[in-house]
């Protein structure tokens, strides 16, 4: 009971702001309602999911792409701290590492939920082919998860010593993680910095590789012309950097180390400039993809020959869910954030823009996965066969959303518990 009360006090401290309290309660609510869906998934499998034989990938794959992009994007931000020694960001390094780990946990749990046989997930790493992009991706994920955990541990080591003497749950956790070490020398600090630089240097190509490999999984599918493009891995990579840096900006507005207001403004301004550049670059890549095919479809193609590639883009911009692209993505994910970033890069404006980009970016991932699936490979396939699962109509079911809410909220709790029970916010040994 003592430890339960301590955890409660850490999660809901007396000096907690209203915003922190709201986000924490939202994470709790989504975890509870999402647990219903996850229990259903464990007992009933995919019975209540709306995808089928023609559309085997849906919300969970889109959610996985979204979350893994967040993780890779946030991790690259940590490289600016530990590899490139960007001083303005050095005091948020540990928080960024924890956030990268939390989103990775959510991503892997989401894609694990999509597997038909969840107990066979280990085979993807141990019984795969060197010629399989998905096999390479599993190895990259495993390496990334291990590296991320070790890097976070080394980033925390100077502060673990400080709290290991506390007679509390956090003190016991810190003492355990530090293997009982009670002293810290200047030589130790320098050694940890060198190790962090090495780990970060290894992590940069690793993060870029697995982020690009996700895009490559789609890009190498020759049967789906909508995905089959050399630019697909690049869009995935830039999208991850954009959404990840945006999420970090949003989180920093609610949880930040004890730093001066001037330091905080400099951090947010730096991230805001980075977000603006990435957002403009991402829009340029989207324009390159969309303009060519839509120019053909709407202006000079008079043959009316069935083209799966063109049909996928037509579904995005003029299909039944046109509002996902025009309102959620372009409206709230591009135009409104651009307004706030161009107007003034104050911490509030950067956080608003970051929240809008980060939370609406799921629409980008949905418009990558679903339009490529709901269009048949050839026109005659429509109506040729009838039966359960043989349909090109797909809308995520409530069950699918509940499972997704559970995985996202679990990642949120990894972050909340991590920053509460570990010296994530401590900056004494990093000044």
Just a yes or no: is a residue in segment 110-127 within 20 Å of residue 247 (Cβ to Cβ) and touching a residue at least 12 places away in the same chain (Cβ under 8 Å)? yes
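Select, from 80, 67, the only residue that is without any contact (Cβ under 8 Å) to a residue 12 or more places away in the chain and either surrounded by 24 or more Cβ atoms within 10 Å (Cβ to Cβ) or touching a helix residue (DSSP H, G or I) at 6+ places or on another chain (Cβ under 6 Å) (or both). Give the derivation first.
Numbers: 67 fails: without any contact (Cβ under 8 Å) to a residue 12 or more places away in the chain.
Only one candidate qualifies: 80.
Where residues in segment 176-204 are within 17 Å of residue 424 (Cβ to Cβ) and free of Cβ contacts under 8 Å to residues at least 24 places away in the same chain, which of them is surrounded by the fewest Cβ atoms within 10 Å (Cβ to Cβ)? Spell out the reasoning first.
From segment 176-204, those within 17 Å of residue 424 (Cβ to Cβ) are 176-178, 192, 196; that's our starting set.
Filter once more, so that each one left must be free of Cβ contacts under 8 Å to residues at least 24 places away in the same chain: 176, 178.
Working: 176: 11, 178: 20.
By that ranking, first place goes to 176.
What do you reckon, is residue 160 within 20 Å of residue 111 (Cα to Cα), crowded, with 18+ Cβ neighbours inside 10 Å, at pLDDT 75 or above and in contact with a helix residue (DSSP H, G or I) (Cβ under 8 Å, 6 or more places away or on another chain)?
no
Given the options 61, 22, 32, name the one that is under 22 Å from the mean Cα position of the chain (by Cα) and surrounded by 16 or more Cβ atoms within 10 Å (Cβ to Cβ). Give the derivation first.
Details: 22 fails: surrounded by 16 or more Cβ atoms within 10 Å (Cβ to Cβ); 32 fails: surrounded by 16 or more Cβ atoms within 10 Å (Cβ to Cβ).
Every option except 61 fails the conditions.
Within the group 126, 109, which residue is modelled with pLDDT of 85 or more and surrounded by fewer than 23 Cβ atoms within 10 Å (Cβ to Cβ)? It would help to see each step written out before you state the result.
Numbers: 126 fails: modelled with pLDDT of 85 or more.
Among 126, 109, only 109 is modelled with pLDDT of 85 or more and surrounded by fewer than 23 Cβ atoms within 10 Å (Cβ to Cβ).
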Number of positions in segment 83-92 that are closer than 24 Å to residue 160 by Cα and either free of Cβ contacts under 8 Å to residues at least 60 places away in the same chain or under 8 Å from the mean Cα position of the chain (by Cα) (or both): 2
Quick check: is even one residue across segment 93-105 part of a helix (DSSP H, G or I), surrounded by 15 or more Cβ atoms within 10 Å (Cβ to Cβ) and free of Cβ contacts under 8 Å to residues at least 40 places away in the same chain? no
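The values are calculated or read from the model by the stated rules, or taken from the named source; none is laboratory data. Computed from a prediction, not measured in an experiment: that's the story for all the values here. Every residue, glycine as well, gets a Cβ built from its backbone with ideal geometry; the counts of neighbours run over all protein chains shown.
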